[in-house]
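First comes the structure, then the notes that go with it.
Nothing in this text is a laboratory measurement; each read-out follows from the coordinates by a stated rule. Quick caveat, the model's predicted, so the values are computed rather than measured. Note that we place each Cβ from the backbone using ideal geometry, even for glycine, and neighbour counts take in every protein chain shown.
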Amino acid sequence: MTTARVPLVDYLRLEPEPHLVAQECTACGARYFDRRNACARCGRTDFKTAAVDGRGELRSFSIVHRAAPGIPVPFVSAIVRTDDGTWVRSNVVNCDPTPEAVESGMRVQLVAYPIGTDDDGTEAVAFGYEPA
């Protein structure tokens, strides 16, 4: 029996392999992860769904030492530029949250991981990037 899995955000797709999808403006190619009525870059209103490359480069990061109650710290909050040029805000996971282990320019890859299970056994799944 397979466990039901639900992505934490609408733009995370779990099948056939975990990947992100963005809304891409058909006029200028700008990409967004949230719903848009118009493109912030060109103002046009037509969008298409676009798969986002799962590999990229860590462009900026911060090691977070204080967070809301119940959130384990430290963790690495990051901005990744994927190989297809999409900018993604995420966390770096499966990596020590230290300046010695994380550096701008390092190669990363998308990874999905379980974050909890409800009373019916449905697993919630989040995403992050790990060193490639």
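For region 6-132, the dipole from Cβ point charges (+1 on Lys and Arg, -1 on Asp and Glu) about the Cα centre works out to 740 debye, to the nearest 20.
Here's the picture: a label point sits 7 Å out from the Cα of Ala4 along the beta-carbon direction, and within region 108-132 the residues with their amide nitrogen under 16 Å of it are 116-125. Within the chain, the cysteines lacking any other cysteine Cβ closer than 4.7 Å to their own Cβ are Cys95.
Using R0 = 35 Å, the C-beta based FRET efficiency linking Ala40 and Leu14 works out to 0.80.
Counting only the Cα atoms, the chain fills a convex hull of 142 Å³ per residue. Simple spin-label estimate for Asp84 and Lys48 gives 1.1 nm between the two label positions (7 Å along the Cα-to-Cβ direction from each Cα). Based on C-alpha pairs under 8 angstrom that are at least 6 apart in sequence, the chain has a relative contact order of 24 percent. Among beta bridges identified by DSSP and lying wholly in region 5-131, the antiparallel ones come to about 90 percent.
Full extension of the chain between Glu130 and Ile115 gives 3.8 nm of extra length, using 0.36 nm per residue less the Cα-Cα distance.
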